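S.K.: Just passing along the structure, written as C-alpha cells.
The values are calculated or read from the model by the stated rules, or taken from the named source; none is laboratory data. Remember, predicted model here, so these are calculated numbers, not experimental data. Cβ placement follows ideal geometry from the backbone for every residue including glycine, while neighbour counts extend to all protein chains displayed.
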Amino acid sequence: MNRVALPKSLAHRCRGIHLTTWKRFGNRCESQVQGVGPLGSLLKSRSVIRFRGPDTLKFLQGLLTNDVRRLGDPIGDKTENLPTPNVPATSVPPIYAALLTPQGRFLYDLFLYKLPMRDTKLDNTGTAPESNSDRPFHLFADVDASVLDELLQTFNKYRLRSKVDIDDVSSHFSCWQRYGDGLPEKSSQVEEPEAASVGWGAGVDSTAMSSSHGSDSGWQWFKDPRLTSLGFRGIFPSNITPPLIEVDKETDEQNFLMWRIEKGVAEGSTEISKGEAVPLEYNLAGLNAISFDKGCYVGQELIARTHHRGVIRKRIVPLRFLDNDGKELVSKVIPGSEVINTTSGKKAGTVTTVQGCRGLGLLRLEEALKGSSALSIQGQEDVKVIASRPDWWPSEWLQDHGQHAAFA
C-alpha cells in the first residue's frame with residue numbers, strides 16, 4: 001500500500017485519537033505507548049539549524065564531543081539503503097554529540113544529519129544520478145529549542161574566520177520521532193526498512209518526489225543514534241507530516257518524554273543541567289555521543305581523565321514515585337527534589353526530570369544500590385523512590401559497586 005505524506009492541515013483534520021502522556025490503571029501509572037504500536041511525535045522542544053560552508057566539518061570537529069568526520073566520509077556498503085526511488089541509494093547515519101564548556105561541563109546536545117547530495121539521487125528523468133551539483137557542503141542539526149538563541153550565539157563566538165554559516169531554519173523544518181512497540185530493533189539498515197519502501201508511491205508522495213528527483217534535500221527516517229529502542233528520528237519540511245506517521249498514531253511529544261524516561265535517557269539543556277552536568281554521569285558515552293579517539297575538542301580534558309579513571313560514582317537513572325502502600329504517586333515530586341537513603345540518612349542524589357509518576361534522577365550508585373528500597377524524597381518521607389537499572393546499561397558500569405541485585 002502506498003504511503004502519502006499528508007499536509008499538516010489535512011492530517012490534523014483526519015486525526016482520530018490523541019494519546020495522553022500517562023494513565024492511571026488501578027494502582028499503576030504507566031505510559032500509553034506500551035502496546036499501542038509505532039507512534040509518531042512532532043518534537044516541538046527541538047529546533048533545526050543548518051551549518052553550511054567548506055569549513056563545516058573542521059569547525060565542528062574542534063568543538064563537539066563526537067567524531068563528525070564520519071559525516072564527510074565516502075559512502076560505503078554500511079550506509080546503503082534498499083533500492084527504491086523514494087530515498088537516495090546511499091545515506092549517512094546521523095551523529096549524536098554535545099558541546100561542552102572549557103571545563104568539560106555540558107552545554108548543548110545536537111543530532112547532526114548529512115542529507116543526501118544530488119549525485120546520490122536521481123535526475124529529473126528518474127533514470128540516472130543527478131550531477132554537476134554546486135551546492136556547498138552543509139549539515140542540519142536538531143537542537144534544544146529553549147536555548148536556541150544562546151546556542152547560535154555560542155557557535156558564532158567560536159566561528160571566528162571559519163568559512164561556515166550557521167542559520168536557524170526551524171521555520172522551514174521540524175524534528176520528528178517514531179517510537180513505541182512494534183518497531184524493528186535489529187535491522188542492519190541505516191533507515192527503517194519499512195520507510196525504504198515508501199517510494200513506490202512517488203507519484204503522490206511529495207517527500208518521495210523531493211528525494212527521487214534531485215531537489216535540494218531528501219528527507220528520511222534514521223535510527224536514533226543513541227539507542228535502537230528509542231526508534232527512529234528525522235527532520236522533515238514543516239508543511240508535511242512525514243511518511244509512516246498514521247493519522248491515528250500521531251501523539252503528543254510528552255509520550256516520547258515518558259518513553260525516554262522509562263529507558264533512562266535525558267535530552268536537552270533542561271534535563272541535562274546546562275553548565276553543570278558531567279556528560280559521563282548522564283551516560284552520554286553509552287548513548288554514542290562521545291568519541292575517545294578523535295583528539296582535542298572543547299572540554300576534552302575532563303572527559304578523558306574521568307573516562308580513564310574508570311569510576312563514575314553517579315549516573316542518571318529512571319525513577320518511580322510510590323506511597324507507603326506501593327501506589328504510584330502523580331504530581332507529588334518536582335525537579336530539584338533531593339533523594340535520601342532513609343536507612344543511612346545520606347543523600348542519594350537529585351531528581352532532574354518528572355513526568356507523572358515517573359522521573360529521572362542523578363543518583364550516587366552506592367546509595368541507590370544498597371538502599372533501593374529505602375529511598376525517599378527529602379521532606380516528603382511518605383514519597384518512596386524506586387530507582388531502576390535500564391536494560392541497555394553495560395554490566396561494567398556496576399562492577400565497581402558490587403550489589404547488582406539491589407538495583408531494581
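S.K.: Just give me the residues in region 326-352 being surrounded by fewer than 16 Cβ atoms within 10 Å (Cβ to Cβ) and under 23 Å from Ser273 (Cα atoms), in sequence order.
M.R.: Residues satisfying the conditions are Ser331, Ile334, Pro335, Gly336, Glu338, Lys346, Lys347.
S.K.: Take the residues in region 373-408 that are over 28 Å from the mean Cα position of the chain (by Cα) and part of a loop (DSSP other than H, G, I, E, B); name whichever of them is modelled with the lowest pLDDT. Don't jump to the end; show me each part of the working.
M.R.: Keep residues of region 373-408 that are over 28 Å from the mean Cα position of the chain (by Cα), which gives 373-384, 400-403, 405-406.
Then keep just the ones that are part of a loop (DSSP other than H, G, I, E, B); that gives 373-374, 378-379, 400-403.
Details: Ser373: 74, Ala374: 86, Gln378: 93, Gly379: 91, Asp400: 61, His401: 57, Gly402: 56, Gln403: 47.
Applying the filter and picking the extreme gives Gln403.
S.K.: Could you tell me how many of the residues in region 134-162 are closer than 16 Å to Gly72 by Cα and either part of a loop (DSSP other than H, G, I, E, B) or charged (D, E, K, R) (or both)? Reasoning before the result, please.
M.R.: Residues of region 134-162 that are closer than 16 Å to Gly72 by Cα, as a first pass: 135-141.
Retained after the next criterion (residues that are either part of a loop (DSSP other than H, G, I, E, B) or charged (D, E, K, R) (or both)): 135-137.
Here the count works out to 3.
S.K.: Any residue that is on the phi > 0 side of the Ramachandran plot, at pLDDT 95 or above and surrounded by fewer than 23 Cβ atoms within 10 Å (Cβ to Cβ) - is there at least one of those in region 262-274? Please lay out each step first, then the result.
M.R.: The initial filter retains those residues of region 262-274 that are on the phi > 0 side of the Ramachandran plot, namely 264, 268.
Filter again for at pLDDT 95 or above, leaving 264, 268.
Okay, now just the ones that are also surrounded by fewer than 23 Cβ atoms within 10 Å (Cβ to Cβ), so 268.
Checked region 262-274: at least one residue is on the phi > 0 side of the Ramachandran plot, at pLDDT 95 or above and surrounded by fewer than 23 Cβ atoms within 10 Å (Cβ to Cβ).
For every residue, the table says whether it meets (1) β-branched (Val, Ile, Thr); (2) assigned to a strand (DSSP E or B).
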| site | (1), (2) |
| --- | --- |
| Gly336 | no, no |
| Ile340 | yes, yes |
| Ser344 | no, no |
| Ala348 | no, yes |
| Thr352 | yes, yes |
| Gly361 | no, yes |
| Glu366 | no, no |
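S.K.: Identify the residue in region 301-334 that is part of a loop (DSSP other than H, G, I, E, B) and within 26 Å of the chain's Cα centre (by Cα) and, among all such residues, is farthest from Ser373 (Cα to Cα). Full working, then the answer.
M.R.: We begin by selecting, within region 301-334, every residue part of a loop (DSSP other than H, G, I, E, B); these are 310-313, 323-327, 329-334.
Restricting the remaining residues to those that are within 26 Å of the chain's Cα centre (by Cα) gives 310-313, 330-331, 333-334.
Working: Gly310: 27, Val311: 24, Ile312: 22, Arg313: 19, Val330: 19, Ser331: 21, Val333: 18, Ile334: 20 Å.
Across region 301-334, the extreme among qualifying residues is Gly310.
S.K.: Continuing with this model, one more query. With the requirement that a residue be more than 25 Å from Glu267 (Cα to Cα) and touching a strand residue (DSSP E or B) at 6+ places or on another chain (Cβ under 8 Å), what does region 336-369 give you?
M.R.: At the first step, the residues of region 336-369 found to be more than 25 Å from Glu267 (Cα to Cα) are 341-346.
The answer is Asn341, Thr342, Lys346.
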